[in-house]
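The values are calculated or read from the model by the stated rules, or taken from the named source; none is laboratory data. The structure displayed is predicted, hence computed values, not measured ones. Positions of Cβ are generated from backbone atoms using ideal geometry, with glycine treated the same way; all protein chains shown enter the neighbour counts. These area figures cover heavy atoms from the full protein model, side chains too; ligands, DNA and RNA do not enter into them. Shrake-Rupley method; radii C 1.70, N 1.55, O 1.52, S 1.80 Å.
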Amino acid sequence: MAVSDVPVDLGRDDARDAAARELSNPAYVSDDPNPLERAIGWILERLGELFAGAGGMSGITAVTVLVVLAVIIVIVVRLRTGRTGRALRSGGKVFGSTVLTADEHRAAADRAAAAGDLAEAVRERFRAVVRELEQRGVLDPRAGRTVDEVAVEAGTALPVLADDLRGAAVQFDDVWYGGRPATAEGYRQLVSVDDRVRG
C-alpha cells in the first residue's frame with residue numbers, strides 16, 4: 001500500500017486493520033520466543049496464578065505444574081553442572097593434548113596420590129591403563145577415544161579383564177566427570193587393574 005493510499009482520517013476499525021496488516025509483516029515476528037521459551041513462559045504464568053490464588057487451577061493441575069517445573073530445573077542444572085554437562089563439554093575423552101607413556105602416567109598418578117589429590121591420581125592411573133593397552137597393541141592408539149570406548153574395545157579384546165576394565169572406566173567417569181569424590185580404596189582398585197593389564 002502506497003503512502004498516498006492511506007487515508008488521513010482513519011476510523012477505529014480502519015486503524016485496527018491497518019495496524020494488524022503492518023504487524024503481520026515477518027520483520028516484526030523474528031524475535032518471537034522459541035517453543036521452549038513459550039513453554040517456560042506458560043509455566044511461569046501458571047505458577048504466578050497459582051501463587052496469586054487467581055488461577056482457578058485444581059490441586060492436580062497445580063501439582064503437575066510444580067512437578068514439571070522441578071523436572072525442568074533438575075535437567076537444566078544437571079546439564080550445566082553434572083556429569084552430563086562435563087561430559088558434553090569435554091567429550092568424555094581420556095587423554096588431553098599431552099602425550100605420555102604408560103610409565104609417565106603411572107608416575108604422575110603416584111605423585112598425585114602421595115600429595116592427597118586422589119581425583120588426579122585416579123585420572124592418571126586410568127590413563128596409564130589405557131596407554132599400556134595401546135603400547136601392548138590391545139588398542140590402536142587413537143586421539144579422542146572416550147572412556148566408554150575404552151571399556152568396550154578393551155573388554156572385547158581382553159574378555160577376562162572386561163569387568164575390571166568396565167569398573168575402572170566407570171570409576172574414572174564418576175570421579176572425573178561426575179564430581180564424585182575419589183577414594184583411596186578406589187585408587188587401589190585402579191592400581192590392581194593396571195597391574196593385571198601389565199601382567
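Restricting 116, 96 to those that are open to solvent by 20 Å² or more (accessible area, probe 1.4 Å), modelled with pLDDT of 90 or more and not in a helix (DSSP H, G or I) reduces the list to 116.
Considering every residue within the range 162-174, establish whether at least one is part of a loop (DSSP other than H, G, I, E, B) and free of Cβ contacts under 8 Å to residues at least 12 places away in the same chain. No, there is no match, as no residue in the range 162-174 is part of a loop (DSSP other than H, G, I, E, B) and free of Cβ contacts under 8 Å to residues at least 12 places away in the same chain. Do we find that residue 150 is among the β-branched types (Val, Ile, Thr), in contact (Cβ under 8 Å) with a residue 12 or more places away in the chain, farther than 17 Å from residue 199 by Cβ and in a helix (DSSP H, G or I) in this structure? Judged against the criteria, residue 150 is a match. Restricting the range 137-183 to residues that are farther than 23 Å from residue 99 by Cβ, open to solvent by 20 Å² or more (accessible area, probe 1.4 Å) and among the small types (Gly, Ala, Ser), the residue that is nearest to the chain's Cα centre (by Cα) is 178.
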